[in-house]
Amino acid sequence: MRIECPICGSRDRREFYYQGAAVALDRPAPDAGEAAWDSYVHLRENPAGETRDLWHHEGGCGSWLVVTRDTVTHAVHKVELASDVKGAMS
Amino acid sequence: MRIDGKGLIDRSKPLSFSFDGKSYRGFAGDTVASALLANEVKLMGRSFKYHRPRGALTAGSEEPNALITVGKGAQQDPNVRATVQELYEGLVTRSQNAWPSLDFDVMAVNDLAAPFLGAGFYYKTFMWPKKFWEAVYEPIIRNAAGLGALGGATNEDDYERAYAYCDLLVIGAGPTGLMAALTAARSGADVILADEDAVMGGRLNAETGKIGHQSGAAWAAEVLAELGAMDNVRLMTRTTVTGAYDGGMYGALERVNHHTGKRGGGAPMETFWRISTKQAILAAGAIERPVAFRNNDRPGIMTASAVRSYLNRWGVSPGKSVTVFGNNDDAHRTALDLSAAGVRVAALIDSRHDAAIEGADFPVYTGAEVCNTGGRKELESITIRTTSGEQSIQTDCLAMSGGWNPTVHLTCHMNGRPTWRPDIQAFVPTEGMIPDMTVAGACNGTFSTHGCLQDGAEAAKTALAALGKKPADVALPEAEDAPYTLSPLWAVAGKGRAWLDFQNDVSVKDVKQAATENFRSVEHMKRYTTQGMATDQGKNSNVGALAVLADATGRGIPETGTTTFRPPYSPVAIAAMGAGAQGKGFAPQRMTTSHKASLRMNAPMIEAGLWYRPSYFPKSGETNWRQSCDREVGYVRNAVGVCDVSTLGKIDIQGPDAAALLDFCYTNMFSTLKEGRVRYGLMLREDGYVLDDGTCARLGENHYVMTTTTAAAGLVMRHLDFVTQCLHPEWQVSFTSVTEQWAQFAVAGPKSRELLNRLLETEIDNESWPFMACGPAKISGVDGRLFRISFSGEHAYEVAVPARYGAALFDLLVERANQMGGGAYGMEALNVLRIEKGFLTHAEIEGRATAFDIGMQGMMSQKKDFIGKTMAARPGLVDEDRPQLVGLKPVGAVKKLTAGAQLYPQGADAVANNLEGHISSVGFSPDVGTFIGMGFLKRGRDRMGEVIRMVDHVRGLETDVEVCNTVFVDQEGERVRG
């Protein structure tokens, strides 16, 4: 598997650390309540199909990336800098 | 028998080699199999289960029978296919799976017991009694299992891993692959052409048909010469593409030096490649399948195409009087080629009544079948059944063909299933199974040479279009375009054992029995009979076996389906896949600048993550590590000790929002920290548990240096990256790891300041440099940093200099410390010193501990948000019933404590229900005079003075321990400020 890092280009997946769903970008306010925090920290979808994950280019530029990919075909559809995605959220 | 004037071997280069101790002659270009056949040696191995005599069935990597061992001792290489191993001068080979000799094999008695050893024998026999399994059955099975064996000694041969990148990977260099590579290369694509054979060309080297005006082999050589001269082409011979993976990744095994037998000189034996390509063309060809009939496994019986290969490529006739048996026109070529080469063809037997053959000057039997064979260690005769009855024909070689199976394997490596094509009675790849792969030629069911050339050119155009390149105009040379017709023939009816899987000794009867016993699914049949396992993975037998299964279960072949194809396509040595990862290659080694000095002082080094650190520094006269450790603890408590602490993570953080970042990552405040001061900080994970701890120094208004634990340095770096990129990209802050840029040494003990003042440009005192002060300092003329921090509870400093001065400074500090009654101390002493003071490591903050558990709930600021704050407040994480950090000392008869031991209340049984905690760290304290420890105990902080049970189930140790404060030495904490 290869990931197209927006900064470094196409790289082998061994250079990347896998974190989990990109919902981690959406940190609730401290007073958002139990349900919001439970969901943020613990609850994850397990889709057969498209998923958005956070990967860290640990063996490269150190960028956190939002990778949109398919868990069935393993196709990687899109790779974005997490800072860009987060920046667009606020 | 060698045939004059035929073959691509170099007759000017004779070579000698040995097989089972006997010397033979061959030529450059021979394989072991072709050379043995030229020497009229047909018996090359014994079958796995029944030890039946076997010879080469094929002429390629799919060979199930002719497995040999190459070399001796540590370099011994088992299960090498004789059909693949190239000849070199002095090559030593041996047969396998036979004792005392290949000619007389005692285990052949299994063959007589065959009626009892059929499918499912193991499952039915080795069931009971239960206690027999380990004592009797397993040793017997293990002894009989396996084929060749390794030498037993460590093999020092070199293997390598490598990476390659290209626009187009062409897999297979037969007519299809060559035409595809030529078209793509002339169009300017970066092409890798990989082929498992030593000579590229595929079937072109084994057939007599012409391409244009020249032989197929000559055309292939011409194309290869052109490709070889192009900068955008890489030709990889002896390279098997073993697997197709996600994102255009392919695994490939290159056999670099097996054909020379040479060692050293920089070349490995094998290289395992990871090839990353934008497009791929699979031109893997097809494999001819045998026909099942009684005794179809005698040495001398092989596939029709193999006989043609031996004749045309290696100039060898595997027999003097050859018979050919098939169900298709392609088999006729074998008879015609042999006859044209002057070899006697005793008969051509075609199962089809309507078969027609032109130019045959040998007996032809149509509508006939071979139903039995004679001979023991070699084929002597066959029995054929025609409409007029059975008759025997004397023959020493039978060429058989049940048709061709396209080599679909790679197309199924990403969970694809092949499609059944009734017209060719074979499975072909289902389209689109591997993204960006085009399948062409024989592996797609196109069998004529013309069709393959055309397919290859078309596939190249498809790939070029995807690459955005304009295809060059490449003229298609003329070649034969014979139609491929056959009628199904899987197994000839009759009594006796008709073999399907030669490697695993699976017969038609076994498959039928599996069906009878309701193992009707093809996956069940495979496991029950072992069909399709071992080195050939059923390349010769899968389709035949499932045709028999389909017949036995009354289903069609496509409904019966195939088993799963998995990488690798052919066997890959673990040595190649794991190349470079043995010994020191297993993990990177990180050394501190004092590493050499530690070795010079005879310190045993221990691993801390990837780092190597000294355990202790033995002095002469000391007989065990405890003596060294106690002495080193004394240095720090009474004089001055020096320890390399460079392995702790150091992260340099700068920018206007540096303070905001630290306030958000630590539970306590850092924005309020004064410049020139250090503070201890605690970090949580977002789920509320402790992530790491360490000190952080403020060097300037917008400049901090964070230290992390050695183990968590990478983790914390990633965490900071996450916070600044994923949660707060708006912050103006940047940071970088400087762990390796600074060498840092702890100088600890009552005489630490005295030592430092002899080296510092500006002397320090308690006013100018109080506890937790930090700042730049010039030490022995070098610009460094000085931190007054302590991990021992003593008056102590850490001094940092650029790494290039580390070795010199360490030597200097140790020398001065020695003069003052102190010296270097290692990890053992460091551990005792911190346990005596109740300081934490990852033995305590091991991922399950909360700030509450370790008594640091007071460090969680109420004034700000920080990572983990909300979740750490969950009731379950601050429950008084949780195990809490306490000190422990032994009060029973046994004065020893062990880390990992479990804690139970007095008088309670040491069982899970009564468990109240565990010991996390222990050490022998010279100050206290016994072992002391830290551990987690339910409601521990309320139980000071209580005596409880420590039980170490693993080491068989038990004692009574008293719960106490975690600080054993200088409880008032005065020394650190002295």
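The values are calculated or read from the model by the stated rules, or taken from the named source; none is laboratory data. The structure presented is a predicted model; accordingly, all values stated were derived computationally and were not measured. Don't worry about glycine lacking a Cβ; one is built from the backbone with ideal geometry, like all the others, and counts go over all protein chains shown.
Here are the numbers:
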item	result
Residue list for segment B:397-416, filter: more than 24 Å from B:ARG352 (Cα to Cα), at pLDDT 95 or above and not in a helix (DSSP H, G or I)	B:THR407, B:VAL408, B:HIS413
In segment B:807-821, the residues that are assigned to a helix (DSSP H, G or I) and in contact (Cβ under 8 Å) with a residue 60 or more places away in the chain	B:ALA807, B:LEU809, B:PHE810, B:ASP811, B:LEU813, B:VAL814, B:ARG816, B:ALA817
Odd one out for B:TRP404 among (1) more than 30 Å from B:LEU546 (Cβ to Cβ); (2) crowded, with 17+ Cβ neighbours inside 10 Å; (3) touching a strand residue (DSSP E or B) at 6+ places or on another chain (Cβ under 8 Å)	(1)
So B:GLY900, is it assigned to a loop (DSSP other than H, G, I, E, B), assigned by TED's automatic domain parsing to the domain that holds B:GLU958 and in contact (Cβ under 8 Å) with a residue 24 or more places away in the chain	yes
Selection from segment A:34-60 of residues that are out of contact with any strand residue (DSSP E or B) (no Cβ under 7 Å at 6 or more places or on another chain), assigned to a loop (DSSP other than H, G, I, E, B) and at the interface with chain B (Cβ under 10 Å from one of its Cβ atoms)	A:HIS42
Residue check for B:LEU599: buried (at least 16 other Cβ atoms within 10 Å of the Cβ), within 41 Å of the chain's Cα centre (by Cα) and modelled with pLDDT of 95 or more	no
Scan of segment A:72-83 for residues that are more than 8 Å from every other protein chain (Cβ to nearest Cβ) and modelled with pLDDT of 95 or more, ordered by number	A:HIS77, A:LYS78, A:VAL79, A:GLU80
Residues of segment B:822-876 classified as of a type in the set (Val, Ile, Thr), part of a loop (DSSP other than H, G, I, E, B) and buried (at least 22 other Cβ atoms within 10 Å of the Cβ), total	2
From the options B:ALA660, B:ALA713, residue that is within 13 Å of chain A (Cβ to nearest Cβ) and either more than 17 Å from B:ARG834 (Cβ to Cβ) or at pLDDT 95 or above (or both)	B:ALA713
Restricting segment B:365-384 to residues that are free of Cβ contacts under 8 Å to residues at least 24 places away in the same chain and in a strand (DSSP E or B), the residue that is nearest to the chain's Cα centre (by Cα)	B:SER381
Single match in B:ASN504, B:ASN518 (criterion: loosely packed, with under 14 Cβ neighbours inside 10 Å and polar (S, T, N, Q))	B:ASN518
Segments classed as strands (runs of 3 or more DSSP E), wholly inside segment B:187-264, with at least 2 members that are among the charged types (D, E, K, R)	B:249-255
Qualifying residue in segment B:792-799 (condition: touching a helix residue (DSSP H, G or I) at 6+ places or on another chain (Cβ under 8 Å), under 19 Å from B:GLY826 (Cβ atoms) and polar (S, T, N, Q))	yes
Conditions (1) touching an Asp or Glu at 6+ places or on another chain (Cβ under 7 Å); (2) modelled with pLDDT of 95 or more; (3) under 18 Å from B:PHE17 (Cα atoms): number failed by B:ILE68	(1)
Any hit, segment B:748-760, residues being farther than 30 Å from B:PHE852 by Cβ, at pLDDT 95 or above, within 14 Å of chain A (Cβ to nearest Cβ) and touching a strand residue (DSSP E or B) at 6+ places or on another chain (Cβ under 7 Å)	no
Meets criteria (touching a residue at least 60 places away in the same chain (Cβ under 8 Å), in contact with a Phe, Trp or Tyr (Cβ under 6 Å, 6 or more places away or on another chain) and closer than 30 Å to B:THR83 by Cα) for B:ALA603	no
Qualifying position, being surrounded by fewer than 24 Cβ atoms within 10 Å (Cβ to Cβ) and under 42 Å from the mean Cα position of the chain (by Cα), among B:ARG274, B:ARG308, B:ARG313	B:ARG274
Which listed residue is touching a Ser or Thr at 6+ places or on another chain (Cβ under 7 Å) and on the phi < 0 side of the Ramachandran plot, from B:GLN744, B:GLN819, B:GLN732	B:GLN744
Residue under evaluation B:ALA220, criteria (1) closer than 25 Å to B:LEU204 by Cβ; (2) surrounded by fewer than 19 Cβ atoms within 10 Å (Cβ to Cβ), criterion not met	(2)
Any hit, segment A:43-52, residues being among the polar types (S, T, N, Q) and surrounded by 15 or more Cβ atoms within 10 Å (Cβ to Cβ)	yes
Test for A:ALA22: is it more than 8 Å from chain B (Cβ to nearest Cβ), under 16 Å from B:VAL723 (Cα atoms), touching a strand residue (DSSP E or B) at 6+ places or on another chain (Cβ under 7 Å) and hydrophobic (A, V, I, L, M, F, W, C)	yes
Criterion (polar (S, T, N, Q) and either closer than 22 Å to B:HIS842 by Cα or in contact (Cβ under 8 Å) with a residue 60 or more places away in the chain (or both)) met by exactly one of B:THR930, B:THR966	B:THR966
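The rows are residues; the columns are (1) closer than 15 Å to B:ALA173 by Cα; (2) touching a Cys at 6+ places or on another chain (Cβ under 6 Å); (3) assigned to a loop (DSSP other than H, G, I, E, B).
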residue	(1), (2), (3)
B:THR430	no, no, yes
B:ILE434	no, no, yes
B:GLY456	yes, no, no
B:ALA460	yes, no, no
B:ALA466	no, no, no
B:LYS470	no, no, yes
B:ASP473	no, no, yes
B:LEU476	no, no, yes
